[in-house]
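Below you'll find the structure, written out as structure tokens, and then a few comments.
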Amino acid sequence: MSNSGKGREQDRARVAGSQEHEVRYESDKEGVSRAMVKDTIKEVGNSREKVERELGNKNRGAKNGGR
């Protein structure tokens with residue numbers, strides 16, 4: 001097994017929708033339901049950056065009455 005940090009770096013760039021602890025982390029971080037995290041992963045893929053951006057957009061929309 002390599003000691004380079006590349007594997008971890010790549011791992012952190014993704015959200016594994018099948019890993020309950022990762023879904024829970026994103027859910028708590030963004031203040032949304034776990035189901036919303038999983039749905040967002042299905043919509044935009046598992047890139048952490050895209051998932052967090054989309055959840056932020058959805059969360060802001062919900063707080064502003066859908067606007």
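A compact table of results
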quantity: P(r) of region 11-64 over all Cα-Cα pairs, binned every 10 Å from zero, in whole percent; calculated: 28, 62, 9, 0
quantity: Where labels lie 7 Å past Cα in the beta-carbon direction, separation of D28 and A62 in nm; calculated: 1.7
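Each reported figure results from applying straightforward, stated rules to the coordinates on display, with no laboratory input. If you're wondering where the values come from, they're calculated on a predicted model, not measured in any experiment. All Cβ positions, glycine included, derive from the backbone under ideal geometry; neighbour counts span all protein chains shown.
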